[in-house]
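Here is the structure we will look at.
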Amino acid sequence: MLVGPPGAGKGTQAARLSERLDAPHISTGDIFRENMKNETDLGKEAQRYVDAGDLVPDEVTVKMVKDRLAQPDAQEGFLLDGFPRNAAQARELEDVLSELGQRLDAVLVFEVDDEELVKRLTSRGRSDDTEETIRHRQEVYRSETEPLIEHYQDIAVRVDAVGSVEEITDRAMDALADEPDD
Ligand code: ADP
């Protein structure tokens, strides 16, 4: 599982780690964006929350993740990016994983200072990257998601996420290799 503030580069790194580890990249943000683009029912339901920088209701998000984790390609491992994002989702994830006979091996915590985050986000140009929604997403992260890290402290490893894309991937791979549970 990857965790870090909006703009920490989780998506970029998850895609690269997915190749190196040969495990699917499951990004709730990507799944929502794909569904919004295709105007599916799920996409229509998620749109206003994503646009506002709010969390999509847990009920919707949890069901989506549950379905995705049950797919054949996720049975040998997966990279979870953007989920769980609050305590309720973390509890649901535990249930889902135990039903599937799976567990989390490691939580990669991406660390980037605030100044760098704003710089990255304002140059990204995604439709939910206006200054106001960025600020709101950061608040949601600090209040709802960051507190989860403590819950995962036994398997959490910190990754300095400032540097070149390649350097950060190497650091993440090293961090995973250092995990005693791995
Ligand atoms: P970022 O990390 O930049 O916030 P994401 O692509 O992870 O971007 O998420 C974009 C948006 O998708 C979020 O602001 C939120 O509206 C929605 N979203 C993603 N993951 C979740 C989740 N686990 N629970 C609820 N909403 C989510």
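Work out, step by step, the length gained on full extension between Ser164 and Arg126: first 0.36 nm times the residue separation, then minus their alpha carbon distance; give nm to one decimal.
Values: separation 38, 0.36 × 38 = 13.68 nm, distance 2.12 nm.
Working it through step by step, the gained length comes to 11.6 nm.
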Point to revise | Interchain or long-range residues, amide H under 5 Å from Arg158's placed H | key: Val109
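Under 20 Å between C-alpha atoms is the cut-off here; go through the chain and count lysine pairs that meet it, provided they're at least eight residues apart or on different chains. Can you show the working numbers first?
Working: Lys10/Lys119; Lys37/Lys63; Lys44/Lys63; Lys44/Lys66.
Lysine pairs satisfying the spacing and distance rule in the chain number 4.
How large a share of the accessible area of the range 3-47, in percent, is made up of carbon and sulfur atoms when the probe is 1.4 Å and the other protein chains stay in place?
Answer for the range 3-47: carbon and sulfur cover 43 percent of the accessible area.
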Point to revise | Sequence of Ser18, Ser164, Ser98 from largest to smallest accessible area, 1.4 Å probe | key: Ser98, Ser164, Ser18
Review point. If amide H atoms are built 1.01 Å from N in the plane of the peptide, which residues on other chains or at least 5 residues away come under 5 Å of the amide H of Gln102?
Key: none
**Study point:** Within the accessible area of the range 116-182 (1.4 Å probe), percent carbon and sulfur
**Key:** 46
**Study point:** Rounded accessible area per residue of the range 24-120, 1.4 Å, Å²
**Key:** 53
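So between Arg20 and Glu34, what do we pick up on full extension, going 0.36 nm a residue minus the alpha carbon distance?
Working: separation 14, 0.36 × 14 = 5.04 nm, distance 2.38 nm.
Extending this stretch completely gives an extra 2.7 nm.
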Exercise for review: Can you figure out the FRET efficiency of Asp113 with Gln153, using R₀ = 25 Å and their beta-carbon distance, to the nearest 0.05?
Suggested key: 0.70
**Study point:** the range 147-161-the range 62-107 distance, computed between alpha-carbon centres (Å)
**Key:** 17
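Could you grab the relative contact order for the chain? Cα pairs under 8 Å, six or more apart, rounded to a whole percent.
On the way: 224 pairs, mean separation 58.3, N = 182.
Across the chain, relative contact order equals 32 percent.
The values are calculated or read from the model by the stated rules, or taken from the named source; none is laboratory data. Everything numeric in this text was worked out from a predicted model, so none of it was measured. Quick reminder, even Gly has a Cβ in these numbers, built from the backbone with ideal geometry, and neighbours come from all protein chains shown. Calculation scope for accessible area: heavy atoms of the full protein, side chains included, ligands and nucleic acids excluded. Shrake-Rupley method; radii C 1.70, N 1.55, O 1.52, S 1.80 Å.
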